[in-house]
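Data block below; observations after.
The values are calculated or read from the model by the stated rules, or taken from the named source; none is laboratory data. In this text the structure is predicted, and so the values were computed from the model without any measurement. Neighbour counts are summed over all protein chains in view; Cβ atoms, including those assigned to glycine, are modelled from backbone coordinates with ideal geometry. Keep in mind that these areas ignore ligands, DNA and RNA; they rest on the heavy atoms of the full protein, side chains included. Shrake-Rupley method; radii C 1.70, N 1.55, O 1.52, S 1.80 Å.
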Amino acid sequence: MRIVVVGDVMLDVDLSGEATRLSPDAPVPVVDVSGVRRRAGGAGLVARMLAEDGWPVTLVTVLGDDDAGRQLESHLAGVRLVSGPSGHASPVKTRVRAGSHPVVRFDQGCGKAPVPDASPAMLRAVEQAGVIIVADYGRGLAANPQLRDLLARLAGSVPIIWDPHPSGPDPVPGVAVVTPNLAEASKAAGAYTNHHDAAPQDAGTQDPAVQAGRILMEEWQSRAVLVTKGEQGAVLLQQGSNSQQAVPAPRVEAGDPCGAGDRLAASLAVHLLAGRELGEAARLAVHDAADFLASGGVSALPDQAGFTAAAPKPRNQAAGRLRTSEPLLLARAVRENGGTVVATGGCFDLLHAGHVRSLAAARELGDCLIVCLNSDDSVRRLKGPERPIISQQDRAELLLAMECVDAVMVFDEDTPEAALERLRPDIWVKGGDYKGARLPEADLVEKWGGRCLTVPYHPARSTTGLADALAKVS
């Protein structure tokens, strides 16, 4: 179940301050630097994001034997690092910002680099992957012949997300999805136009992302192409389908888009590893990238030097950005960080104050709260043909919008036993209406050493009461 990130790393340096005057030597602003932040960039940023979220991640890369390379190692603490020598200087990208506005960027050691070797240890690490992200930043690793042969062999059995670079090689055939942005897709597709002069246009669309994506999917022989379009979201094209899926992005206020593509690739890997269908994984990943930008993007990331993934995270932070992710993987991540997994269950049709109070009380018992939610069919069998009032998708979305809920696990049976057997929470919580009686799930939960607890119940507040009141009003 390990996520393996393969690709080029660089040292990102952010100099921030205020510009209140022009230089006497030239009409350029003088920035009074008040803050300096360094972090691993490129494939290193993708791996850091996953490690911060609690996933087991391996970074396969090459590093320079210089001060920048050693700094990169320190900023990758907490990531399982399998690296070889790059044979050249470590690339460093320094951004200068005045307030929220970028002023200039300096690149050092970012010229064309020779294709590095891939050591046996690097190749072995790739073979252990449950899902692979190729984060190509044009520094040569993705062009290594041995690595490419291995990735091509694995593509049939392991999901591979390939984030391409204009200076890098084509993706290997058979990868699950390639994720160029619109500018990258248009430029890459332009190189193949002679092959596609007679290609039919997609009926009913002149979207350049669709046209470029179709060309690239054929040329790259990938199973899908996800062309990202910034605030306009993305478009997903898949082999064997003549249609395309538009993936809208939530509207967010974000000044710096840096890192959004890395967040999208990382989230895609998590959702594919969880077994989600690609269209759903793409939708969730686009939302995750928008949330990342809305929360401040790379500038809001914590100082990474010395971070240790194995260290338990503080309560209410163990789940991190995993609120939309697969509950089984979330439970594993929290448990591996030394945390306590709490679960509760129910229909949660028409959320009311009683639900909110019970869920908040349950969350206080551990480091994440996973809600086992009855599906629409399950609710119908339990409550009658007029229920549920709210669909399972909307009920799950409303639950996830609550600060105290970290994940939702929908089950189709009449009881949550099968879901609990898979989830195996440390604590199973029900409302206090069970007080004094043994919970029906107690024997099952105690089988793996878990506990059953009750939280306060509020009898004056119920979905049935709300439904009856609404029926009278209507």
Elements of type helices (runs of 4 or more DSSP H) contained in the range 391-474, each with 1 or more residues being modelled with pLDDT under 85 and open to solvent by 40 Å² or more (accessible area, probe 1.4 Å): 392-400, 417-423, 463-473
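Here is a yes/no grid of residues against (1) of a type in the set (D, E, K, R); (2) open to solvent by 30 Å² or more (accessible area, probe 1.4 Å); (3) at pLDDT below 90:
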| position | (1), (2), (3) |
| --- | --- |
| 203 | no, yes, yes |
| 214 | yes, yes, no |
| 223 | yes, yes, no |
| 226 | no, no, no |
| 243 | no, yes, yes |
| 254 | no, yes, yes |
| 275 | no, yes, yes |
The range 352-390, subset open to solvent by 60 Å² or more (accessible area, probe 1.4 Å) and not charged (D, E, K, R), residue nearest to residue 453 (Cα to Cα): 365
Residue check, residue 40 of a type outside the set (Ser, Thr, Tyr) and closer than 17 Å to residue 107 by Cβ: yes
Neighbours by Cβ (under 7 Å, 6+ apart or cross-chain): first from the range 438-458, closer than 16 Å to residue 358 by Cα; second modelled with pLDDT under 90 and open to solvent by 50 Å² or more (accessible area, probe 1.4 Å): 454/434; 454/435; 456/357; 457/433; 458/357
Count of residues meeting criterion [more than 14 Å from residue 346 (Cβ to Cβ) and either in contact (Cβ under 8 Å) with a residue 12 or more places away in the chain or polar (S, T, N, Q) (or both)] in the range 390-402: 3
Selected residue (criterion: most open to solvent (accessible area, probe 1.4 Å)) from residues of the range 256-273 that are touching a Lys or Arg at 6+ places or on another chain (Cβ under 9 Å) and at pLDDT below 85: 256
Within the range 214-275, strands (runs of 3 or more DSSP E) holding 1 or more residues that are of a type outside the set (Val, Ile, Thr), closer than 26 Å to residue 59 by Cβ and without any contact (Cβ under 8 Å) to a residue 60 or more places away in the chain: 224-228, 234-238
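Can you tell me which residue is nearest to residue 369 (Cα to Cα) among those in the range 295-351 that are hydroxyl-bearing (Ser, Thr, Tyr) and either at pLDDT 75 or above or in a helix (DSSP H, G or I) (or both)?
Result: 344.
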Flag for residue 107 being part of a loop (DSSP other than H, G, I, E, B), open to solvent by 60 Å² or more (accessible area, probe 1.4 Å) and charged (D, E, K, R): no
Tally of residues being charged (D, E, K, R) and closer than 20 Å to residue 46 by Cβ across the range 144-169: 2
Tally, over the range 27-73, of residues that are open to solvent by less than 10 Å² (accessible area, probe 1.4 Å) and part of a helix (DSSP H, G or I): 11
Some residue of the range 367-389 being assigned to a loop (DSSP other than H, G, I, E, B) and touching a Ser or Thr at 6+ places or on another chain (Cβ under 6 Å): yes
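Residue check: is residue 31 within 14 Å of residue 103 (Cβ to Cβ) and at pLDDT 90 or above? Lay out the reasoning, then the answer.
Working: within 14 Å of residue 103 (Cβ to Cβ): yes; at pLDDT 90 or above: yes.
Taking the combined requirement at face value, the residue satisfies it.
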Selected residue (criterion: nearest to residue 111 (Cα to Cα)) from residues of the range 129-185 that are surrounded by fewer than 22 Cβ atoms within 10 Å (Cβ to Cβ) and of a type in the set (S, T, N, Q): 167
Single condition residue 86 does not satisfy, out of (1) modelled with pLDDT of 90 or more; (2) more than 25 Å from residue 167 (Cα to Cα); (3) among the small types (Gly, Ala, Ser): (2)
